[in-house]
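**Student:** Below you'll find the structure I mean.
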Amino acid sequence: MDNLFLIFLSAFLVNNIVLMKFLGLCPFFGVSRQMKTATSMGVSVIFVMTLATVITWFLYQYILMPLNLIYLRTVVFILVIASLVQFLELFFKKQLPALYSALGIFLPLITTNCAILGVAFLNIDNNFNLMSGIVFAISSSLGFLLAIVLIGSIRERLENAPIPEPLKGLPISFVIAALMGLAFLGFSGFLGLSL
Amino acid sequence: MDGLGAGIGFTLVLFIMGTIREILGQGIWMSIPGVFDGFKIFGTSFTESSAILLILPPGGFLTIALLMGLFNYWRKK
């Protein structure tokens, strides 16, 4: 129980997947211009990441390991993630067409979101069991949601801010991400957790 | 050909970023851990109080932000 809480804090704050590990940066900068798209991207990442981690964990433990097919894991994992995203895309197209057009290309791009594949791999590299894996995936994706919502709200306020001409648009977002990363660095050492 | 160009551009940007972060952050250049210690660019007085920020993750964001700003500035000029 204690251990699960530490995994949660570590993945959520200390080793935040976007700000500390540079995973999943393209949706982070791509759809964070408005709060609404940022939030829905975060929620869809929670959905895909949790399911993908659980499914890939089972595939890895019960199919790839016994059959000695570990070298195939990249292909297998990408296939799992791609089919999950296909499912999500169909759902959005049918139920939430407005959101579907707002997310645009970034919805199918969840397929190659390195955060999701990265978490599936980290889960296996850390030898997590199923429960820790689920907690790890949920807290990582919550960390992604937190980061994307924070940067979305800051970028909305930046619309009217006086920014030097060459820094307008993407560069200022990187500066914000750097400052957020600095703020999150403050969490390292928290409860003995390190980077 | 387009892919080749993008790849070379990516390599260049990575090279520039790595150079900036390594020289300012550690005072050495082109070091490979365990293989080669790297060229000493600055003396020990610098390496003892170097900009650790640039080695840490936020430094990467900051470096690329400033690089992009610089390129935008040159393009407009």
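**Student:** Across segment A:160-190, what is the total count of residues that are of a type outside the set (A, V, I, L, M, F, W, C) and either under 10 Å from B:Phe61 (Cα atoms) or more than 9 Å from every other protein chain (Cβ to nearest Cβ) (or both)?
**Tutor:** Looking only at that region, the number is 8.
**Student:** Given the conditions (1) in contact with a Ser or Thr (Cβ under 8 Å, 6 or more places away or on another chain); (2) under 18 Å from A:Gly152 (Cβ atoms); (3) not acidic (Asp, Glu), and given that A:Ser40 satisfies all but one, which numbered condition is not satisfied?
**Tutor:** (1)
**Student:** If I filter segment A:28-35 for residues that are under 18 Å from A:Val149 (Cβ atoms), within 14 Å of chain B (Cβ to nearest Cβ) and hydroxyl-bearing (Ser, Thr, Tyr), do I get at least one hit? Explain how you work it out, then say what you get.
**Tutor:** Our first condition is that a residue be under 18 Å from A:Val149 (Cβ atoms); within segment A:28-35, this holds for A:28-35.
Of the ones still in play, those that are also within 14 Å of chain B (Cβ to nearest Cβ) are A:28-29, A:32.
Within this subset, residues satisfying the condition of being hydroxyl-bearing (Ser, Thr, Tyr) are A:32.
Yes: segment A:28-35 contains one or more residues that are under 18 Å from A:Val149 (Cβ atoms), within 14 Å of chain B (Cβ to nearest Cβ) and hydroxyl-bearing (Ser, Thr, Tyr).
**Student:** Another question, if that's okay. Is there any pair linking a residue in segment B:60-77 that is more than 8 Å from chain A (Cβ to nearest Cβ) to one that is of a type in the set (Lys, Arg), with Cβ under 9 Å and at least six apart or on different chains, and which?
**Tutor:** B:Thr63/B:Arg21
**Student:** Filter segment A:28-37 down to residues that are within 21 Å of B:Pro57 (Cβ to Cβ) and assigned to a helix (DSSP H, G or I), then give me how many there are.
**Tutor:** 3
**Student:** Right, here's the next one. Taking A:Leu167 and the conditions (1) at pLDDT 85 or above; (2) more than 30 Å from A:Met65 (Cβ to Cβ), which numbered condition does it fall short on, given that it satisfies the others?
**Tutor:** The failed condition is (1).
**Student:** Can you confirm whether A:Ile55 is surrounded by fewer than 18 Cβ atoms within 10 Å (Cβ to Cβ), among the aliphatic types (A, V, I, L, M), modelled with pLDDT under 85 and more than 30 Å from A:Ser188 (Cβ to Cβ)?
**Tutor:** Numbers: surrounded by fewer than 18 Cβ atoms within 10 Å (Cβ to Cβ): yes; among the aliphatic types (A, V, I, L, M): yes; modelled with pLDDT under 85: no; more than 30 Å from A:Ser188 (Cβ to Cβ): yes.
No.
**Student:** Just checking, which of A:Phe121, A:Phe128 is outside any helix (DSSP H, G or I) and either within 23 Å of A:Leu9 (Cβ to Cβ) or in contact (Cβ under 8 Å) with a residue 40 or more places away in the chain (or both)?
**Tutor:** A:Phe128
**Student:** Within segment A:1-27, track down each residue that is farther than 16 Å from A:Ser188 by Cα, away from every other protein chain (no Cβ under 14 Å) and either in a loop (DSSP other than H, G, I, E, B) or β-branched (Val, Ile, Thr) (or both). Can you show your working first?
**Tutor:** Pass one, segment A:1-27, residues farther than 16 Å from A:Ser188 by Cα: A:1-4, A:22-27.
Checking which are away from every other protein chain (no Cβ under 14 Å) leaves us with A:1-4, A:27.
Result: A:Met1, single match.
**Student:** Right, something else. Could you tell me whether A:Phe47 is over 13 Å from A:Ala147 (Cα atoms) and either in contact with a helix residue (DSSP H, G or I) (Cβ under 9 Å, 6 or more places away or on another chain) or not in a helix (DSSP H, G or I) (or both)?
**Tutor:** Answer is yes for this residue.
**Student:** Sticking with this one: Kindly evaluate A:Leu84 against the criterion of being surrounded by 19 or more Cβ atoms within 10 Å (Cβ to Cβ), assigned to a helix (DSSP H, G or I) and without any contact (Cβ under 8 Å) to a residue 60 or more places away in the chain.
**Tutor:** So A:Leu84 fits the description; yes.
The values are calculated or read from the model by the stated rules, or taken from the named source; none is laboratory data. From a predicted model like this one, the values you see are computed outputs, not experimental measurements. Don't worry about glycine lacking a Cβ; one is built from the backbone with ideal geometry, like all the others, and counts go over all protein chains shown.
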